[in-house]
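Notes to accompany the following structure.
Nothing in this text is a laboratory measurement; each read-out follows from the coordinates by a stated rule. Note that the coordinates shown come from a computational prediction; the quantities given were computed from them, not determined experimentally. Heads up, the Cβs are rebuilt from the backbone with ideal geometry, glycines too, and the neighbour counts pull from every protein chain shown.
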Amino acid sequence: MERQGVDMPHAERKDQEPPPLGESAEPQAEESHEKEAGWGPASANRQLMMLEGKSGPYFSSLDSSIEILKKRAQELIENINESRQKDHALMTNFRDSLKIKVSDLTEKLEERMYQLYNHHNKIIQEKLQEFTQKMAKISHLETELKQVCHTVETVYKDFQDLCVQPEV
């Protein structure tokens, strides 16, 4: 009995499905009968059809290995996608948390800034009040100085008038 599918290249086998296990015995018997009858090309065609049908334990083992690899690859892809979804959720939570913290920090900074403004406003208000009082005092002193200057001028004129008058 001849083993079928051993010489077939891997590239031709990988896309084919295995036949049910019960079909592999019957074509081999027909193949033996064809060889005995001298039908070489028909026998080759029959062998090719058998290989396309993937009969034998080698192909079923290969197919199960391929299926296992496909399932494992699919599981890995699903794990990657789940991991990416978890990463996305983590980044979304991180972004939301960061927004909240930045917002809180901004509010605290703004509150502190207004406190500083109020403190500086009080200091500026006190300084402006002192400045206004001193300007008022300077204005009052200026008025007094003008009065004194006017008085001195008047006295000087009177003194000059006394000194310049002829003695009679």
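A few comments on the model shown:
- Computed from the C-beta positions of residue 88 and residue 60, the FRET efficiency with R₀ = 41 Å rounds to 0.50.
- Distance (nanometres) between label positions extended 7 Å along Cα→Cβ at residue 105 and residue 141: 5.2 nm
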